[in-house]
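The next block holds one structure in the form of C-alpha cells; read it before the comments.
The values are calculated or read from the model by the stated rules, or taken from the named source; none is laboratory data. Here the structure is a predicted model, which is why all the values come from computation and not from measurement. Cβ coordinates were reconstructed from backbone atoms using ideal geometry, including for glycine residues, and neighbour counts include every protein chain displayed.
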Amino acid sequence: MTQEFRGVTREDAEEVGNRLRDRGMQPAGLIAHVLTEIPGGIRATDIWESEADFQAFAKEQLMPMAGAFAEERGISMDGISDPTFAEAFDVDVPGR
C-alpha cells in the first residue's frame, strides 16, 4: 500500500506515529511501514497481511488520530491521496 500526504512534514508524521505508539495502537496485520519524504510532503509505503487489515486500522485508529492531529496543527486533509494497493510478492522479513 502506498499513500501520499502533501502538506505534511516529517515532524508531523513522526508525531502521529509517536501518539499512536503512546496509546498502544498496534495495527493487526502490519508487516512493514516506511515513510519517505517527497516534494511537498511524505509518502507511506506499507506491507499488510491484507487490504482489510489496513482498512480496519485506518477506520478505527489512524484516521481518528490523524484527523484530530490535522485539526490541531491546521493541516489540510485535501493533500492526502487515496491509498493505492498492489500485491506484494517475494517479501523477506527476517525474524518474522
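Within the bounds of the range 68-77, is there any residue that is part of a strand (DSSP E or B) and either of a type in the set (Phe, Trp, Tyr) or out of contact with any Ser or Thr (no Cβ under 6 Å at 6 or more places or on another chain) (or both)? No, the range 68-77 has no match at all. Would you check if residue 13 is in a helix (DSSP H, G or I), within 11 Å of the chain's Cα centre (by Cα) and over 15 Å from residue 1 (Cα atoms)? It is true that residue 13 is in a helix (DSSP H, G or I), within 11 Å of the chain's Cα centre (by Cα) and over 15 Å from residue 1 (Cα atoms).
Residue-wise test of (1) modelled with pLDDT under 95; (2) of a type in the set (Gly, Ala, Ser); (3) under 12 Å from the mean Cα position of the chain (by Cα); (4) more than 29 Å from residue 95 (Cβ to Cβ).
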| residue | (1), (2), (3), (4) |
| --- | --- |
| 17 | yes, yes, yes, no |
| 37 | no, no, no, no |
| 42 | no, no, yes, no |
| 46 | no, no, yes, no |
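Can you name the number of the only condition in (1) surrounded by 12 or more Cβ atoms within 10 Å (Cβ to Cβ); (2) touching a residue at least 24 places away in the same chain (Cβ under 8 Å); (3) farther than 21 Å from residue 21 by Cα that residue 77 fails? Result: residue 77 fails condition (2) only. Listed conditions (1) within 12 Å of the chain's Cα centre (by Cα); (2) in a helix (DSSP H, G or I) are all met by residue 4, apart from (2). The residues of the range 40-59 that are surrounded by fewer than 12 Cβ atoms within 10 Å (Cβ to Cβ) and in a helix (DSSP H, G or I), listed by number, are 52, 59.
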